[in-house]
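The values are calculated or read from the model by the stated rules, or taken from the named source; none is laboratory data. This is a predicted model, so every value here is computed, not measured. Cβ placement follows ideal geometry from the backbone for every residue including glycine, while neighbour counts extend to all protein chains displayed.
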Amino acid sequence: MKKKVLVIGSINMDLVTKTSRVPKIGETLIGEAFFTIPGGKGANQAVAATRLGAEVTLIGCVGEDAFGNQLTEGLTKEGVITSYVKPVTHTTTGTASITLSNGDNSIIVVPGANFAVTPEYVQSFEQVIAESDILLLQLEIPLESVIEAVNIAKQHHVKVILNPAPIQTLPKDLLEKVDYITPNEHEQELLLNSPELTEEELKSVKARCIVTKGSKGVMLYQDGVEKEIPSFEVDVVDTTGAGDSFNGALALSLSEGMSLEEACQFANAVGALSVTKLGAQGGMPTKAEVEEFLKSRKGEDK
């Protein structure tokens, strides 16, 4: 039986401009290409987990516009359960303007309809949360809605992964309740510099951190000791969505009962494969592709 992964989060259209370099302030450049690509951390993570074999439900909002229709249809075709994706009339679908240069990216997100995912909207899906094997959250919807989702999940003993991106100050109560926190290096530094947390509380947060480090792999903590999980050498085309691929894979792996170390190794492979193609969702692999990749790379991780 497939594991039930619930994602509550953002649904965006990515507006991607490919250029040889990022322009300076006031400078105009001729770009190489422009694409509209489905994105949003919530949607990306939902697609990643679905392609890997999970039964994934996505809770979120889009605008009643062309982007909203296109994104919802695309998610449904991917196999994501979109019954709880609501079109709203008072704002537009969220967008992310992405500048892609030399295999790296810079991003500006306009939340739009994602901020219609209110605490009341989340509360209306308490039963859906209760029936899930794991809940995956990010910070592209209102923070109070994330807090509400975590509170409901904890009431029903559902494990929670929080991807703290884009980073912001997080209340101590929220950090104490989530089971796994998946910051990148920059996000972890800001998390652990919170003046709200005592030394003991900081240790507790740190112990639940799974820190993504791009080409350097992943770092986690076991019995207070840092442990590195190495990444894989691949030809990078587009790093957009690599973290989302990792988080979707981690949710699937942990829900299936893998150890944390095994789950991170699997998620590393998913993240590596995801950067070999253009677009956040475009490079997300299937489970068979990941297994074949791991078989071919056995002993070759760096």
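Quick notes on this structure:
- The condition of being modelled with pLDDT under 90 and at positive phi does not hold for G217.
- The stretch 154-180 residues that are under 10 Å from L139 (Cβ atoms), paired with ones that are acidic (D, E) and part of a helix (DSSP H, G or I) (beta carbon under 8 Å, 6 or more apart): N163/D244; P164/E187; A165/E187; I167/E187
- Residues in the stretch 82-96 that are loosely packed, with under 15 Cβ neighbours inside 10 Å and either in a strand (DSSP E or B) or of a type in the set (A, V, I, L, M, F, W, C) (or both): S83 only.
- Residues in the stretch 220-252 that are closer than 14 Å to P183 by Cβ and surrounded by fewer than 22 Cβ atoms within 10 Å (Cβ to Cβ) were compared, and the one that is modelled with the highest pLDDT is L220.
- Count of the stretch 61-81 residues which are surrounded by fewer than 22 Cβ atoms within 10 Å (Cβ to Cβ), within 18 Å of the chain's Cα centre (by Cα) and either assigned to a strand (DSSP E or B) or of a type in the set (A, V, I, L, M) (or both): 1
- Helices (runs of 4 or more DSSP H) enclosed by the stretch 113-177 - at least 2 residues per element that are in contact with a Leu (Cβ under 8 Å, 6 or more places away or on another chain) and on the phi < 0 side of the Ramachandran plot: 126-130, 143-155, 172-177
- Failed criterion for S255 (all others in (1) buried (at least 17 other Cβ atoms within 10 Å of the Cβ); (2) at pLDDT below 95; (3) over 15 Å from the mean Cα position of the chain (by Cα) hold): (2)
- Residue list for the stretch 1-38, filter: in contact (Cβ under 8 Å) with a residue 24 or more places away in the chain, surrounded by fewer than 14 Cβ atoms within 10 Å (Cβ to Cβ) and either small (G, A, S) or in contact with a Cys (Cβ under 8 Å, 6 or more places away or on another chain) (or both): S20
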